[in-house]
Every structure is written in structure tokens, then in C-alpha cells.
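The values are calculated or read from the model by the stated rules, or taken from the named source; none is laboratory data. The model shown is predicted, which means the values in this text are computed figures rather than measured ones. Cβ coordinates were reconstructed from backbone atoms using ideal geometry, including for glycine residues, and neighbour counts include every protein chain displayed. The accessibility values were calculated without ligands, DNA or RNA, using every heavy atom of the protein model including side chains. Shrake-Rupley method; radii C 1.70, N 1.55, O 1.52, S 1.80 Å.
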Amino acid sequence: MKQLSGPRVPPASGGKPKQLVVLVHGYGADGNDLIALAPYLQRALPEAAFVAPDGPDPCGSAPIGREWFPISLDDPAMMSRDPERLAERYAAMADRATDAAPALDGFIDEELARHGLDGGALALVGFSQGTMMSLHLGLRRPTPPAAIVGFSGALLGPEALAGEQVAPVPVQLVHGDQDDLVPPLAMFWAAAGLGRAGVPVAFHISAGIGHGIAPDGIEIATRHLALAFAGRLRCAGPVSCAIG
């Protein structure tokens, strides 16, 4: 199993961390990309440590950056034009995510142990391929994370997920309405698939945003994480969460 590493940001409080937020980057990026979210998130999470591991392999379609698993980007706009092929493509990626999961899973366990935290003190925040990995892995961990946030991503293999016993981890999905790389349709499919599997999910569309993260998305993600870590998200069903 490949050993991962990446940039870290300690708690803003200066003390021992009480939570761990793992930031999972997208295809062709690396940990330095998403660790830039830490200063924004830690305003509401001063006792959280942040880490952004680099993917296990060099990116196959870019001269720099890393990947969690291979993706062909010969015609990225195809997925916007052809929803049927979009569904097929995401279904085919599920096995690749399964193969990639142990390295990320082991890294998370090591980070939790390093800080003396249990699995319930974890949150996963992913972008694009990192969202695919965060959902694929986070819902299947023996100790469920407190929350998952997914920006501009997709749920791989929703049919398999519906047949498993997965943890009801509160998930927040965020997507740009102008995303032509991972179309907004993927977010709605993910929300539906999570709901069918009994996973509580909320979603938000950022207006005028392509394949990226907007300020309103960061604000919603921050709120979701803060409420989840504080135990104030009360989820009564697949698509019903309230502040309690």
C-alpha cells in the first residue's frame, strides 16, 4: 500500500486538536491546492487540524499534479452533452475508487492516531475526484466521520451503495451551475443515490460558477462542518437535517 503525505495546518487555537479535517484534492492537483481552504474553515473550527494528502500517483493527463485513480479527459465536455454516457462513466470509476481507497483510509487512520482522536472526530472535504473518493470511502469507514462535504463531484456506484449498510453521515454537496467538467446533473444524481441509501444529504448550487469553489460554497461547507462537530445536526431521514 502506498504511503501518502501532504501539507498540514495545525489548530488555530494553538492547542491539541479536537477534530481532524482531511481535504481531498481533485484530479491533476495536489494537497497544496485544497489546504488553501484551511484558513477559511478554521475561523469556525479553531480546534481542528487540517491535512491535505497528495494522491498516490502522478496525474496521467497533466504534466504536474496527482491523481487518486486514472481518468480520461480526452473530451471532458462530453459528459455535459450526453447524460447516458455520464452515468456509464461514473459507474465504471467505482472499482478504481475501491482500489485507491486503502491508501487514503490508512493515511486517515495514521493521522487520527497521531492526534489521539477517534474516527468520529473526522470530517472529509473533497473537490471533484476528491469528492468521489470522500463519498466512496467516508460512508464505508468502520467508525463514521462526523461529516462529509463534496464540492463539484459525483457519487460512484450508487447502486452498490444502496445495497450496503452505510453510516448515516450528514453530507453537504456543493456545485457550480456552470460546471462543464463535472456537470451539475452529477450532484443531483449523487443526492438521489445517497438518499436511496439512507444517507442524509443537503445540496447547494453556486450561481455563475464553473468547476471551482465559490465563497458561498465555503460558507455553507463551514457551517455544515461546525454544526456536525458540535453535534447540532439532527438528521431524521435521507434528505432531512435540522439544527438541534
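Where in the stretch 11-48 is the amide nitrogen less than 19 Å from a point lying 7 Å along the Cα-to-Cβ axis of Glu219? Within reach of a label on Glu219: 37-45.
Using the rule -39500 (n - 2.57) for each DSSP H run of four or more residues, divided by the residues of the chain, the 222 nm mean residue ellipticity is -11000 deg cm²/dmol.
Normalised by 2.2 N^0.38 Å, where N is the number of residues, the C-alpha radius of gyration of the stretch 105-208 stands at 1.06.
Highest mean first, the peptides 179-187, 167-175 sorted by other C-beta atoms within 10 Å per residue fall in the order 167-175, 179-187. Converting the Cα gyration tensor eigenvalues of the stretch 92-158 into ellipsoid dimensions via √(5λ) gives semi-axes, longest first, of 20, 13, 10 Å. Residue separation of Ala62 and Ile205 scaled by 0.36 nm, minus their Cα-Cα distance, works out to 48.7 nm of gained length.
Computed from Cα atoms alone, the Kirkwood hydrodynamic radius reported for the stretch 21-157 is 15.4 Å.
Ranking request for peptides 35-44, 147-156: highest mean number of other beta-carbon atoms within 10 Å first, then the rest in descending order. Please list the in-between numbers first.
On the way: 35-44: 17.0, 147-156: 28.1.
Output ranking for 35-44, 147-156: 147-156, 35-44.
For the stretch 129-179, list log₁₀ I(q)/I(0) at each q in 0.23, 0.26, 0.27, 0.30 Å⁻¹, using the Debye formula over Cα point scatterers of equal strength and ignoring solvent, two decimals each. Relative scattering, expressed as log10 I(q)/I(0), comes to -0.86, -1.05, -1.11, -1.27.
Put simply, the chain fits an ellipsoid with semi-axes of 25, 21, 18 Å; these come from the alpha carbon gyration tensor as the roots of five times its eigenvalues, largest first.
Accessible surface for the chain, divided over its residues, is 42 Å² per residue with a 1.4 Å probe.
Just to be sure I understand: of the beta bridges DSSP finds with both ends in the chain, what percent are antiparallel, rounded to 5?
Working: 9 of 33 bridges.
Percent antiparallel among DSSP bridges in the chain is about 25.
For the stretch 120-244, the fraction of 1.4 Å probe accessible surface lying on carbon and sulfur atoms is 57 percent.
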